[in-house]
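Notes follow once the structure below has been shown.
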Amino acid sequence: MELRRDLSWLKKQIRDNERIWSGFRQIEVRMIGAASLPEIVALLVSDLPKTFEQVDCVSLAYFDPEFELARLLEHAGEKSFPNHSFISISSNLDILRGLFAPDVKPRLGPCTPAIQTLLFPGERAQFGSVALAPLLSHGRLVGSLNQASRNPGHFNQGVATDLLGHLAAVAAMCIENAVIQARLKRDGLTDALTGVANRRFFERRLEEEMQRLARDGQALACMLVDIDHFKRVNDRFGHQAGDYVLQHVAQVLGRDLRASDVLARYGGEEFILLLPNTAHKQAATIAERLREAVAEQVFAVDPKSPVHITISLGLVCLPASRKGKESISGAELIQRADAALYRAKAAGRDRLVIAP
Ligand code: GH3
Ligand code: MG
Ligand code: MG
């Protein structure tokens, strides 16, 4: 009897976890594909309650001393979430730290009046239980993702906290990246012709990613892209046509990027892509897809003779878990990609070469 009860309880747990996992996963995938901070916040704040019946309210608290994120959200135009769903923690992070003390892990339990006031301001309903997940940046607590349910028994410690931790990790990464993208625009780190990031920005991000690599040991892929025989486009159709081709190629290269990826114009007709957390095989597939996508384009620079162009790519991949292996600098990484690109050119262009 006892055993049977245990078993059916276990089965229910498994079913619940599967449901949560699949709901979280859908939101994670969409966050990774989101283009801006308002989109990411909307996914969390509006879509979590839509996905889970018992979740009645979601908010996001974030360390935002200069109200930078608040401003980005304000200027977003039409919004699909209420203003008070985003809480800028402006002065003291201790409030946030207090929520997660002693260890920074998801917290499930009753909704105290203090939590309700701090994390769900403007909500009239009294919530029964909450799930709070810490958001980390470079290992430091910077915010929290907060779910509330009217049902006091809905969130209780031990249920799917690892799944929630995963969702929070993806959310934190996507938020950070969206903020970086927004800053880049603001600070003149974009290339005027193509609108993608410029080399200065790329070099900054590369340094950050190299540090992350040394610390977390996640995979990293970097590819250099060079337009084949671009000089001919200029010579035949003029400089303006060349400019148009460059803009168009930048667009194609940037079309399917994730929030964590970086695309930059590296030089004249050369682009560079940095794909964090991307394994060798996946990076090669992406590179091949980009090569094909550019080759398929018809560039309408001249009505009489449509222009087709191709690109050559040099790819270098650093595998995951490189902890303890030889360290490599950002400059070396680019050098390896450049050597691979050189080989792609020498082998006849319109191809991908992967650095050994
Ligand atoms: P390869 O296949 O070996 O890469 O040949 P390529 O002709 O592409 O390479 P090369 O380095 O000989 O020429 C690059 C050309 O790109 C020369 C330069 O005038 C042109 N270019 C660089 N920046 C710009 C730009 O902003 N606009 C235009 N229209 N052309 C540019
Ligand atoms: Mg070149
Ligand atoms: Mg070229």
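Read-outs: derived from the displayed coordinates by stated rules, not from any lab. This one's a predicted model, so the numbers in the text were calculated from it and none came from an experiment. Glycine also receives a Cβ, built like all others from the backbone with ideal geometry; neighbour counts cover every protein chain displayed.
Of the listed requirements (1) of a type in the set (A, V, I, L, M); (2) closer than 26 Å to Glu269 by Cβ; (3) surrounded by 13 or more Cβ atoms within 10 Å (Cβ to Cβ), Ala300 misses just one: (3). Only a single item in (1) surrounded by 18 or more Cβ atoms within 10 Å (Cβ to Cβ); (2) more than 14 Å from ligand 1 (Cβ to nearest atom); (3) under 25 Å from Leu193 (Cα atoms) is not met by Leu341, and it is number (2).
Consider region 303-335 and keep the residues that are in a strand (DSSP E or B) and more than 16 Å from ligand 3 (Cβ to nearest atom). The one that is surrounded by the fewest Cβ atoms within 10 Å (Cβ to Cβ) is Leu318.
With in contact with a helix residue (DSSP H, G or I) (Cβ under 6 Å, 6 or more places away or on another chain), assigned to a strand (DSSP E or B) and over 17 Å from Ala42 (Cα atoms) as the only criterion, which of Pro121, Pro134 stands out? Lay out the reasoning, then the answer.
Details: Pro121 fails: assigned to a strand (DSSP E or B).
It is Pro134.
Of the residues screened, Ala279 is one that is in contact with a strand residue (DSSP E or B) (Cβ under 8 Å, 6 or more places away or on another chain) and either farther than 27 Å from Leu184 by Cβ or touching a residue at least 24 places away in the same chain (Cβ under 8 Å) (or both).
Listed here are the helices (runs of 4 or more DSSP H) enclosed by region 21-97 that have at least 3 residues being under 20 Å from Val179 (Cα atoms) and under 22 Å from the mean Cα position of the chain (by Cα): 37-42, 68-74. Taken together, Glu74, Glu53 contain a single residue that is out of contact with any helix residue (DSSP H, G or I) (no Cβ under 8 Å at 6 or more places or on another chain), without any contact (Cβ under 8 Å) to a residue 24 or more places away in the chain, of a type in the set (D, E, K, R) and more than 20 Å from Asn156 (Cα to Cα), which is Glu74. Residue-level analysis places Ser329 among those that are in contact (Cβ under 8 Å) with a residue 24 or more places away in the chain and either more than 15 Å from ligand 1 (Cβ to nearest atom) or over 27 Å from the mean Cα position of the chain (by Cα) (or both). Scan region 56-71 for residues that are without any contact (Cβ under 8 Å) to a residue 60 or more places away in the chain and of a type in the set (A, V, I, L, M, F, W, C) and jot them down. Residues satisfying the conditions are Phe67, Ala70.
Can we say Gln211 is farther than 20 Å from Lys304 by Cα and crowded, with 17+ Cβ neighbours inside 10 Å? Can you show your working first?
Working: farther than 20 Å from Lys304 by Cα: yes; crowded, with 17+ Cβ neighbours inside 10 Å: no.
No: the conditions fail for Gln211.
May I ask you to verify whether His84 is free of Cβ contacts under 8 Å to residues at least 60 places away in the same chain and surrounded by fewer than 21 Cβ atoms within 10 Å (Cβ to Cβ)? I'd like the intermediate steps shown before the answer.
Values: free of Cβ contacts under 8 Å to residues at least 60 places away in the same chain: yes; surrounded by fewer than 21 Cβ atoms within 10 Å (Cβ to Cβ): yes.
Against the criterion (free of Cβ contacts under 8 Å to residues at least 60 places away in the same chain and surrounded by fewer than 21 Cβ atoms within 10 Å (Cβ to Cβ)), His84 qualifies.
Quick check on Gln282: is it under 17 Å from the mean Cα position of the chain (by Cα) and surrounded by fewer than 15 Cβ atoms within 10 Å (Cβ to Cβ)? Spelling it out, Gln282 is indeed under 17 Å from the mean Cα position of the chain (by Cα) and surrounded by fewer than 15 Cβ atoms within 10 Å (Cβ to Cβ).
Considering only residues that are touching a residue at least 12 places away in the same chain (Cβ under 8 Å) and within 16 Å of ligand 3 (Cβ to nearest atom), which ones fall in region 220-235? Steps first, answer last, please.
The initial filter retains those residues of region 220-235 that are touching a residue at least 12 places away in the same chain (Cβ under 8 Å), namely 220-230, 233.
Answer for region 220-235, where residues must be touching a residue at least 12 places away in the same chain (Cβ under 8 Å) and within 16 Å of ligand 3 (Cβ to nearest atom): Met223, Leu224, Val225, Asp226, Ile227, Asp228, His229, Phe230, Val233.
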